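These notes are about the structure you will find just below.
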Amino acid sequence: MKSVTKFLLAASVLVLLIAACAPKAPANRLEAVKQAGKIVVGTSADYEPWEYKNENDEFVGADMDFMREIAKRMGVEVEFQDLGFDALVTAVQEGKVDAAIAAMAATDERRQSVDFSMVYYAGDNVAVTTAESGIAFDDPMELANYKVGTQSGTIMYYWLEDNLIEPGLMSSDNVSLYERNEQLALDLQAGRIDVALMDLEPGKQYMGDPNFGFVEIWRGPMDPNGQAIPVMKGEDELKAELDKHISDLLNEGFLRSLLDQYGIE
């Protein structure tokens, strides 16, 4: 009986020692990132020059380099996951990734699902068409007269929805949505749509590519919100950490140097 008691006592002590040595559960997402030694970041690698893959299947672009520098200053590695653009907010919201970076505007609609870091860039959008189309206008409301394509889940689509579709000026049947920009460009090239709406920088890539040679019809902002990094709602510690490093990188001129490197206006 005594030996059984001694055995149970020893087992209890062992359990307590194991529990004491076990790593403490992280109190928040930032602690989890630090504990893991890496931050998992979703992106949509089809948006040159912001995020894309090179011939070695490596993530490159201004957003990728920016996020790598942020992670370096956080003292962790960064792991990118290539997801469709319209899946990124859900992935952040559900905790499948720690954050996302993909030239994403911090719109009021997205803020209902996730929190955003401070804005690090604000730029224009562009409407492009084929050189032979003959389409020309200086007012984006004229898009109502054409078959228009854009990426799903983007501010360009929300602009079309708010300004043309819901007011009844344009049929939703005349709007085609795409997961990736290259699909959008190929359909414009093939004549399945008349006009493509993009962020300015990817649009410039297609306008400068002789395989496409698209021409600009209109350029301007479609949303007052700039680009930011989404994180799960309530993860104030992670947001504050990102904001600190973004602010430093902006003040130091690091981002401006990156933009110049990638030819971003």
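The values are calculated or read from the model by the stated rules, or taken from the named source; none is laboratory data. Just so it is clear, the structure is predicted and the values come from calculations on it, not from any experiment. With ideal geometry, Cβ positions are generated from the backbone for all residues, glycine too; neighbour counts draw on all protein chains shown. Each accessible area value is taken on the protein alone, full model and side chains, heavy atoms only, with ligands, DNA and RNA left out. Shrake-Rupley method; radii C 1.70, N 1.55, O 1.52, S 1.80 Å.
A few comments on the model shown:
- Among the candidates Asp138, Asp115, residue that is over 21 Å from Ala45 (Cα atoms) and more than 24 Å from the chain's Cα centre (by Cα): Asp138
- When segment 15-46 is filtered for residues that are part of a loop (DSSP other than H, G, I, E, B), among the hydrophobic types (A, V, I, L, M, F, W, C) and either at pLDDT 95 or above or open to solvent by less than 30 Å² (accessible area, probe 1.4 Å) (or both), only Ala45 remains.
- Taken over segment 240-265, the criterion of being in contact (Cβ under 8 Å) with a residue 12 or more places away in the chain, in a loop (DSSP other than H, G, I, E, B) and not charged (D, E, K, R) is satisfied by Tyr262, Gly263, Ile264.
Here's the yes/no breakdown for (1) part of a strand (DSSP E or B); (2) surrounded by fewer than 15 Cβ atoms within 10 Å (Cβ to Cβ); (3) out of contact with any Gly (no Cβ under 9 Å at 6 or more places or on another chain); (4) modelled with pLDDT of 95 or more:
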| position | (1), (2), (3), (4) |
| --- | --- |
| Lys72 | no, yes, yes, yes |
| Val78 | yes, no, yes, yes |
| Gln81 | yes, no, no, yes |
| Val89 | no, no, no, yes |
| Val92 | no, no, no, yes |
| Val97 | no, no, no, yes |
| Ala102 | no, no, no, yes |
| Gly123 | no, no, no, no |
| Val128 | yes, no, no, yes |
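- Taken as a whole, the condition of being touching a Lys or Arg at 6+ places or on another chain (Cβ under 7 Å) and open to solvent by less than 50 Å² (accessible area, probe 1.4 Å) does not apply to Leu184.
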